[in-house]
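S.K.: Sharing a structure here in structure tokens format.
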Amino acid sequence: MNIAAQFPSPDLTGFQSQRDSLKAGLEPLAAFAERVERVEQAMEALEELTGDSAKRSLARLQRELKEFEPAVTFLGQVKSGKTTLVNAMAGWADLLPTDVNPWTSVVTSLHLTPGSQAREISARFQLMKEEEWDRLVQKGGRLGELANRAGAGGELDTIRKQIETLREKSRRRLGKKFELLLGQEHEYGYFDKNLLERYICLGDDFFEDDAPAEAENQGRFADITRSADLYLSSRAKPFRMCLRDTPGVNDTFMMREQVTINAVRSSRICVVVLSAHQALTSIDMALIRMISSLKSRDVVIFVNRIDELKDPSNQIPEIEKNIREVLTKQDGPDDARIIFGSAYWANKVLSDNIEGMAETSATSLLNWAEKELDAAISDYPPIDMIWHLSGLPKLQEIISERIVTTLGEPKLRKIAASAVTIASGQQAANKVRIEGDASCRSLSMHEIRGELAALANHHTEALAQEIGTITESYQSRADRAHNNFIDRAVHSLVKHLEDSGDTKVWSYSPTGLRMLLRSAYSVFASRAQNTANKRYEAAVVDVAELYFKAFGNAVEGIQLSVPEAQDLPAPVTIAQTIALDFNDGWWVSWWRRTRGYKAFAKQFHSLISAETEDFMEQLKSVQTAEILAQLQSTLAAFIDQNRDIMFEIGGALGDKDGVQRMCWGAEEADRAARIDEIVDNLQTHSLLPETEAAA
Ligand SMILES: Nc1nc2c(ncn2[C@@H]2O[C@H](COP(=O)(O)OP(=O)(O)OP(=O)(O)O)[C@@H](O)[C@H]2O)c(=O)[nH]1
Ligand SMILES: [Mg+2]
């Protein structure tokens, strides 16, 4: 649903900082942007030289490149400064409201487009679906489900009562008809602070019954907003990107965990934001589990709030050592890059207010400056030095590199290679049109279409079958790991009861289960990727044969691009908190309430089965189905492209008018030379950079 703008629209671009130093660290991305532009130009030039069928294929590629928007997800501890850091990355001190109530669980995506012109700013808000709301209302969310299963009372009941109170307030705040709002999407041609607050922040009235009407209005939709997408231009960013702010993981209500897991699942590059004075403590297990499910090259750790450290120079090495120790212990990415900084300092720079810095913060700054500042930046103006010390340039640099190597390069290579196929296919079509290769033609267009369809079917089914076999073996391996884990846990439980009785609380860490599942998944992922690549190669061979069968030697020069299976997503769902992760509080109360050995073993068995059911299902069926669909769509795109080229050549064969129009004259020679030039140009972008190819 679209609703009309109801607020005045201020010129928000005026708020964005214009400092040049904002670009520091973005150089790799700027170089990539230039290459993208050259590929775009080559494709535009090619567009003028292609026939209708080839144009269609080219248009698909052009759209794919245009829609390519690398995303970076920020996750981390509640109140570690994720939102403040995202604002700083966007170059805008006060863009998204900070200090949002932990009850809100909105994922906010900032879509930045390079450019300095005031462009149309727009915002889209997605409200919760009915079933999501119901899950919350009926079962009290994940926490409620967990509590129900564990049959726990005490402190958990208190939290549930709190959730109920909050819910009741939401109902009142949203009015009688709020259920009609569920599932809606609201779009605006602008956004401002007022609008953002209505959707993503609840305001201070939340726990007060007698809040004034204006404050009531502030968080009108925030209870039921699920995601916000904001589109804006950024002068400093050389290439478009999406910065995704998530609501923090270690909240008492467990309202935010699932939301964050989903956000992380859909994005390759993650920045984990920690608070310097409590970086990865034992209370952050949910977050540690999440980081541990990722590969080190997909994570950057940003330790924020170093301005709050008394002696950053000495404390920082210590903090880094601790973080690495925790990651090693939890089998996480212990060689991940770790950056230290302060979003507070960054925002002081952005709002041009370094004089207004708190005194303790300024003292820390000097302390850190002595250690961090090197000769290269010693003659920067103070404001740029502070920007440097805030850690933002380093963060931008690492993010830029990751965007280019893990997302950008593979995308550009694939598109350039496909464009080469189209260009060389067009050369073949032109040649056929001029020379007329009728003697070699043994198939009608109808037959070609039929053979290509049969070939596509064959490979699509074979791929499904091969991936199906790999999936089955993965599923049974995962099930075995799961069953073994439960058996071993129950065994240990019984032994504990025999040895120590039921007065002493027993605990059992599910880390082993996660490790087994993760390794089963990683075997599955690499087998699936290899199998798909082999299948693609076989399809390429068949398509090449069909070209020759259909058009003979005329198609000799066509350079078929071989599709490549993308990296498969990490099994982030494993990180989801389950009852066993709590060895305090209500786990103890579950323990105390259970009586008798038999009851223990039986209840424990069903508790753990039910607890892990959700992520086992996600991991075994949902994620594998998504992977198959993704692998098949790569194959389908390859077939579609070659169908278009075959049509282009086929059309050229029967094109009597065209022959007259383009007899081998200077014009046609020129045309062929221009396409050759485009092919040469695109080829440089379709190859692995030298360093990577050698690796
Ligand atoms: N001193 C200091 N304060 C900071 C820093 N970064 C953020 N803050 C403050 O910490 C508070 C929380 O910041 P947010 O950016 O809302 O934190 P968040 O991680 O997004 O919080 P949630 O989304 O609620 O989990 C705000 O008052 C910020 O101004 C920092 O580097 N130093
Ligand atoms: Mg936040």
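The values are calculated or read from the model by the stated rules, or taken from the named source; none is laboratory data. Values in this document were obtained by computation on a predicted structure and should not be read as measured data. So basically every Cβ, Gly included, is an ideal-geometry build from the backbone, and we count neighbours across all protein chains shown. Only protein heavy atoms, including side chains, enter the accessible area calculation; ligands, DNA and RNA are left aside. Shrake-Rupley method; radii C 1.70, N 1.55, O 1.52, S 1.80 Å.
S.K.: Consider residue 361 carefully, then state whether it is part of a helix (DSSP H, G or I) and surrounded by fewer than 19 Cβ atoms within 10 Å (Cβ to Cβ).
M.R.: Here the answer is yes, as residue 361 does meet what is asked.
S.K.: What single numbered condition from (1) closer than 28 Å to residue 452 by Cα; (2) of a type in the set (Gly, Ala, Ser); (3) open to solvent by 40 Å² or more (accessible area, probe 1.4 Å); (4) modelled with pLDDT under 85 fails to hold for residue 652?
M.R.: All conditions are met except number (3).
S.K.: Pick from 509, 492: which is within 31 Å of the chain's Cα centre (by Cα), within 23 Å of residue 616 (Cβ to Cβ) and at pLDDT below 90?
M.R.: After ruling out the rest, the residue left standing is 509.
S.K.: Between 135, 56, 124, 63, which is at pLDDT below 85, more than 16 Å from ligand 1 (Cβ to nearest atom) and of a type in the set (D, E, K, R)?
M.R.: Unique residue meeting the criteria: 135.
S.K.: From (1) farther than 30 Å from residue 618 by Cα; (2) open to solvent by less than 60 Å² (accessible area, probe 1.4 Å); (3) within 16 Å of ligand 2 (Cβ to nearest atom), pick out the condition that doesn't hold for residue 316.
M.R.: (3) is the only condition that residue 316 fails.
S.K.: If you don't mind, there's one more thing I want to ask. Mind listing just one residue for me: the one in segment 240-264 that is more than 14 Å from ligand 2 (Cβ to nearest atom) and open to solvent by 10 Å² or more (accessible area, probe 1.4 Å) and, of those, modelled with the highest pLDDT?
M.R.: 240
S.K.: Another question about this same structure. On the given criteria, is residue 326 within 16 Å of ligand 2 (Cβ to nearest atom), in contact with a helix residue (DSSP H, G or I) (Cβ under 8 Å, 6 or more places away or on another chain) and of a type in the set (A, V, I, L, M)?
M.R.: Judged against the criteria, residue 326 is not a match.
S.K.: Do the conditions hold for residue 453, that is, is it surrounded by 16 or more Cβ atoms within 10 Å (Cβ to Cβ) and aliphatic (A, V, I, L, M)?
M.R.: no
S.K.: Also, I was wondering about something else. Mind telling me which of the residues 349, 303 ends up being crowded, with 23+ Cβ neighbours inside 10 Å, in contact (Cβ under 8 Å) with a residue 24 or more places away in the chain, away from ligand 2 (no atom under 16 Å from the Cβ) and more than 25 Å from the chain's Cα centre (by Cα)?
M.R.: 349 is the lone residue from the list that is crowded, with 23+ Cβ neighbours inside 10 Å, in contact (Cβ under 8 Å) with a residue 24 or more places away in the chain, away from ligand 2 (no atom under 16 Å from the Cβ) and more than 25 Å from the chain's Cα centre (by Cα).
S.K.: Keeping to segment 265-287, report how many residues are at pLDDT 85 or above and within 15 Å of ligand 1 (Cβ to nearest atom).
M.R.: 8
S.K.: Please go through segment 303-348 and give me each residue that is at pLDDT below 90, in a helix (DSSP H, G or I) and of a type in the set (S, T, N, Q), ordered by number.
M.R.: 328
S.K.: Turning to a different aspect of this structure: Does any residue in segment 67-84 that is in a strand (DSSP E or B) and at pLDDT below 95 come within less than 8 Å, Cβ to Cβ, of a residue that is open to solvent by less than 10 Å² (accessible area, probe 1.4 Å) and near ligand 1 (Cβ under 6 Å from one of its atoms) six or more places away or on a different chain, and which pairs are these?
M.R.: Taking only residues 6 or more apart or on different chains, the pairs are 75/248; 76/248.
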